[in-house]
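S.K.: Handing you a structure now.
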Amino acid sequence: MLVVNQTAQAIFQAITEKGWTLYYRGPSDAKIFLDETTQKGPVDSLEKGILYLILPKVDNPTDESVLKRFIGKHQLMPRITVPKGGFYNYGRIIYQFGGVASEVLRPLRGSDEVEDYLIPGQEIDFIGIELQEKEVRLLSPRQTFMSYEVFQVAILSLRDISGLD
């Protein structure tokens, strides 16, 4: 448990040092409303099994309009790059299909999901994270997962916004 806590703290610190904050969104199966998330304000630590939104540090972190203005002004969204070299497995991404594409492809694949590997240098836009048992889930348009080791290196590529106002 100590290793998980140390890793969670290292991830928290790497993100916050770059001018971002993390907001509690709730457990995967019981997310709270966005306005409640911002009213609670930033967290000071991370726990396994909880969804966290990554938002910029602002002077009034519980004012949703201040956050929206800052994001709009600077056109911000967290983005990381999958690190190059040194890892056996960089992570995985699950593509989900629906509608007509799903009906056409289902006989070929047998399901509406396709799992693929992340590749070094791939950029990933995401809005938050969830620390899981053996990996980090990125809250993104596609289900994206990285080992803790890969994510800790990838988070170094997160844009430093600490100088923005």
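The values are calculated or read from the model by the stated rules, or taken from the named source; none is laboratory data. Quick caveat, the model's predicted, so the values are computed rather than measured. We place every Cβ from the backbone using ideal geometry, glycine too, and count neighbours over all the protein chains shown. Quick note on the areas: whole protein, heavy atoms, side chains included, nothing else; ligands and nucleic acids left out. Shrake-Rupley method; radii C 1.70, N 1.55, O 1.52, S 1.80 Å.
S.K.: Can you give the accessible area per residue of the chain, in Å², using a 1.4 Å probe?
M.R.: It amounts to 58 Å² per residue over the chain.
S.K.: Further question on the same structure: With angles folded into 0 to 90 degrees, how steeply does helix 99-109 sit against the dominant principal axis of the chain? Use alpha carbons for both and round to 10.
M.R.: So the inclination is approximately 50 degrees.
S.K.: Given axes a ≥ b ≥ c from the Cα gyration tensor, I'd like to know whether segment 110-165 is rounded (a/c under 1.5), prolate (a/b larger than b/c) or oblate.
M.R.: prolate
S.K.: Under 28 Å from the Cα of K31, which lysines turn up, not counting those fewer than eight places away in the same chain?
M.R.: Straight-distance partners of K31: K18, K40, K48, K57, K68, K73, K134.
S.K.: How big, in percent, is the set of alpha carbon pairs in the chain lying more than 21 Å apart?
M.R.: Result for the distance tail: 51 percent.
S.K.: Quick one: what are the phi-derived ³J(HN,Hα) couplings along segment 118-127, Karplus 6.51/-1.76/1.60 with θ = phi - 60°, whole Hz, x for glycine and proline?
M.R.: Result, ordered by residue: 6, 10, x, x, 5, 8, 10, 8, 8, 10 Hz.
S.K.: Still on this structure, please answer the following. Which order do the peptides 58-65, 22-29 take when ranked by the mean count of other beta-carbon atoms within 10 Å per residue, highest first?
M.R.: Result, highest mean first: 22-29, 58-65.
S.K.: Between 0 and 90 degrees, rounded to the nearest ten: what's the tilt of helix 2-16 against the longest Cα principal axis of the chain?
M.R.: 70
S.K.: Apply the Karplus curve 6.51 cos²θ - 1.76 cosθ + 1.60, θ = phi - 60°, to the phi angles in segment 68-79 and return the couplings in whole Hz, x for Gly and Pro.
M.R.: 4, 4, 5, 4, x, 4, 9, 6, 9, 8, x, 9
S.K.: Using a/c under 1.5 as the rounded threshold, could you call segment 1-72 rounded, prolate or oblate? The axes a ≥ b ≥ c are square roots of the C-alpha gyration tensor eigenvalues, and prolate needs a/b larger than b/c, oblate otherwise.
M.R.: Here segment 1-72 falls in the oblate category.
S.K.: Run the helix sum for the chain: -39,500 (n - 2.57) per DSSP H stretch of 4+ residues, divided by residue count, reported at 222 nm to the nearest 500 deg cm²/dmol.
M.R.: Value at 222 nm, helices only, nearest 500: -9000 deg cm²/dmol.
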